[in-house]
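A.B. asks: If you scroll down you'll find the structure; I have some questions about it.
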Amino acid sequence: MKRILFASSETHPLIKTGGLADVAGSLPIALTGLGQDVRVIMPNYHDIKNCEPGRYLCTVRVNNCDVNLLETRLPESDVTVWLVDYPPFFGQPGNPYNDENGNPWPDIGDRFALFCRIVVEVAMNRAYLDWKPDVVHCNDWQTGLVPALLSLEDNRPSTVFTIHNMAYQGVFPSSTYTLLNLPGQLWHQDGLEYHGMLSFIKGGLSYSDRITTVSPTYAQEIQTPEFGYGLEGLLGHRQHELSGIINGIDLQVWNPETDQKIAQTYNSKTVAKKALNKTALQARLGLPVSAEIPMFGLIGRLVDQKGVDLVLSCLKEMARMPLQFALLGSGDTSIQVRLQDFARLYPEKISITIGYDENLAHQIEAGADMFLMPSRFEPCGLNQMYSQRYGTLPIVRKTGGLADTVVDALPQTLADGSATGFVFNDAVPGALMETIKRGLVLHANKQLWQKLQRNAMSKDFSWENSANQYLTLYHEI
Ligand code: ADP
């Protein structure tokens, strides 16, 4: 059994801004299920909800601050969560990174430096919690100083650093280094310095024993200038300690057999009943009701990363074909406006819903035949996994987690039963359009389509699968 301290700036359902929270709320539970002793540690934000109030454990003094440690639990689990309580930093309303008005916390560097110091004290058992981890699992830049500071300790636990998004690095002016009172030995090119500035993420990338990211393909991609944001050299240098492990999905929330949010439940044997979800969706969205017409879905943030511009370039041609398209999302105003223009032009073909709506997200996953996800980059991606579980075949660009989780329907993969969707290479509208047409051809063959649906629905996207891979990694170090 391993003792694992899991450090994260956000944890679902206590507080969430993105996919990191899902991992922090699921992986520790899955690891506990595999017999491991896991403790989550995170700041005690003002806006934390969905857990019992923290019970006072002790006070730890770091960098002239008296910080309390509180204990609570992840809901419906036995997983202990230690809350780092320091009201001057975490006591105001807002999310982990921004205030109530969406402005970044001006002292965000101080906040997470303090958090990192406390993680180190707990990891070295200097908080006297009578528990010393074998592994400290750190996540994203907010925990980057932990492996760096631990590297200065004797008898330290092993460290894993997981990158959920390379785009955020925690870079601050060099003066912050002095203000944070960080040890001089860590300030050099192979340490925390990044072009004369302080980089939190470099602490994780340079000093952790192992680096992971949330898919094997993204682990390769971040070693290139296009995806490495200036750190591709360092990542390339550490390629032998760098690997990718795909996130799991919540199989209870995303289960077509029990989903209360959809009109008709179904499983891989009764997948023909899925058509009732299409007609219910059409009725809800005001599209002409037809079980036969192929329906494409898309759910997500409407930002450059997601390749929605490629879809926009295809919409005119799509609207001339016998198909329907249902999109749910929000994001860039210009993308929203252009999408809504198409919906007005082709109300019988295209439905655009701007907003965040979990019920509709489930209904699109259940009602559509195919799901578009032409992302320019995608560290892991969840919707392509939900889609496969719902027998809604994803059309994805070959990048990051999309490349790792969707098997393109080619003669070979159709023959061996591994095909689960459609994959294209180039981020150009022509490639997407061609792939949509490829999907339509196969969709017309009912028997073959059902076979593809069953392939997709039988794939294992469980957290247990991911947790086993993390466990192997912990054992290796
Ligand atoms: P990312 O984390 O980059 O936004 P993912 O595919 O990994 O993309 O996860 C996005 C999650 O948020 C999915 O669960 C998706 O269904 C959900 N989601 C995104 N936009 C919306 C929306 N407008 N309404 C409902 N759910 C949404």
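A.B. asks: Out of segment 249-278, which residues are charged (D, E, K, R) and either over 28 Å from residue 327 (Cα atoms) or away from the ligand (no atom under 16 Å from the Cβ) (or both)?
C.D. replies: Scanning segment 249-278 gives 257, 269, 273, 274, 278.
A.B. asks: Can you tell me which residue among 161, 172 is of a type in the set (Phe, Trp, Tyr), closer than 24 Å to residue 380 by Cβ and out of contact with any Phe, Trp or Tyr (no Cβ under 7 Å at 6 or more places or on another chain)?
C.D. replies: Testing whether each residue is of a type in the set (Phe, Trp, Tyr), closer than 24 Å to residue 380 by Cβ and out of contact with any Phe, Trp or Tyr (no Cβ under 7 Å at 6 or more places or on another chain) leaves just 161.
A.B. asks: Spot the failing condition for residue 217; the list is (1) over 23 Å from residue 6 (Cβ atoms); (2) modelled with pLDDT under 95, and only one is missed.
C.D. replies: For residue 217, the failing item is (2).
A.B. asks: Assess whether residue 147 counts as being outside any strand (DSSP E or B), at pLDDT 95 or above and under 19 Å from residue 472 (Cα atoms).
C.D. replies: Considered against the rule, which asks whether it is outside any strand (DSSP E or B), at pLDDT 95 or above and under 19 Å from residue 472 (Cα atoms), residue 147 comes out as no.
A.B. asks: Still on this structure, I have one more. For segment 257-285, name all the residues that are out of contact with any strand residue (DSSP E or B) (no Cβ under 7 Å at 6 or more places or on another chain), more than 23 Å from residue 442 (Cβ to Cβ) and in the same structural domain as residue 360 (by TED's automatic domain parsing).
C.D. replies: 280, 283, 284
A.B. asks: Please report, ordered by residue number, the strands (runs of 3 or more DSSP E) entirely within segment 15-127 with at least 3 residues that are touching a Pro at 6+ places or on another chain (Cβ under 9 Å).
C.D. replies: Counting at least 3 such residues, we get 37-43, 65-73, 80-85.
A.B. asks: Kindly indicate whether any position in segment 58-66 is surrounded by fewer than 24 Cβ atoms within 10 Å (Cβ to Cβ) and under 30 Å from residue 300 (Cβ atoms).
C.D. replies: No: segment 58-66 contains no residue that is surrounded by fewer than 24 Cβ atoms within 10 Å (Cβ to Cβ) and under 30 Å from residue 300 (Cβ atoms).
A.B. asks: Now a separate question. What single numbered condition from (1) more than 15 Å from the ligand (Cβ to nearest atom); (2) buried (at least 16 other Cβ atoms within 10 Å of the Cβ) fails to hold for residue 246?
C.D. replies: All conditions are met except number (1).
A.B. asks: Oh, and also: Among the residues of segment 1-50, what is the count of those that are under 25 Å from residue 150 (Cα atoms) and within 16 Å of the ligand (Cβ to nearest atom)?
C.D. replies: Count: 10.
A.B. asks: Moving on to the next point. For residue 386, which of the numbered conditions (1) surrounded by fewer than 15 Cβ atoms within 10 Å (Cβ to Cβ); (2) aromatic (Phe, Trp, Tyr); (3) assigned to a helix (DSSP H, G or I) fails to hold?
C.D. replies: Of (1) surrounded by fewer than 15 Cβ atoms within 10 Å (Cβ to Cβ); (2) aromatic (Phe, Trp, Tyr); (3) assigned to a helix (DSSP H, G or I), only one is false for residue 386: (1).
A.B. asks: Could I ask something else about it? State the number of residues belonging to segment 397-408 that are crowded, with 24+ Cβ neighbours inside 10 Å and either among the hydroxyl-bearing types (Ser, Thr, Tyr) or more than 11 Å from the ligand (Cβ to nearest atom) (or both).
C.D. replies: Total satisfying the criteria: 4.
A.B. asks: A follow-up question, please. Can you tell which of 171, 160 is in the same structural domain as residue 229 (by TED's automatic domain parsing), β-branched (Val, Ile, Thr) and in contact (Cβ under 8 Å) with a residue 40 or more places away in the chain?
C.D. replies: 160 is the lone residue from the list that is in the same structural domain as residue 229 (by TED's automatic domain parsing), β-branched (Val, Ile, Thr) and in contact (Cβ under 8 Å) with a residue 40 or more places away in the chain.
A.B. asks: Just checking, does segment 411-425 include any residue being in contact with a Gly (Cβ under 9 Å, 6 or more places away or on another chain), within 24 Å of residue 19 (Cβ to Cβ), modelled with pLDDT of 95 or more and away from the ligand (no atom under 13 Å from the Cβ)?
C.D. replies: Yes, there is a match, as at least one residue in segment 411-425 is in contact with a Gly (Cβ under 9 Å, 6 or more places away or on another chain), within 24 Å of residue 19 (Cβ to Cβ), modelled with pLDDT of 95 or more and away from the ligand (no atom under 13 Å from the Cβ).
A.B. asks: Return the pairs, sorted by first residue and then second, in which the second residue is within 16 Å of the ligand (Cβ to nearest atom) and aromatic (Phe, Trp, Tyr), the first residue lies in segment 397-425 and is in contact (Cβ under 8 Å) with a residue 24 or more places away in the chain, the beta carbons are less than 6 Å apart, and the residues are 6+ apart or on different chains.
C.D. replies: 399/377; 400/218; 400/377
A.B. asks: Output the residues belonging to segment 179-234 that are among the charged types (D, E, K, R) and part of a loop (DSSP other than H, G, I, E, B).
C.D. replies: Listed by number, the residues that qualify are 190, 209.
The values are calculated or read from the model by the stated rules, or taken from the named source; none is laboratory data. Not measured: the values here are computed from a predicted model. When we count neighbours, we look across all protein chains shown, and the Cβ atoms used for this are built from the backbone with ideal geometry, even at glycine.
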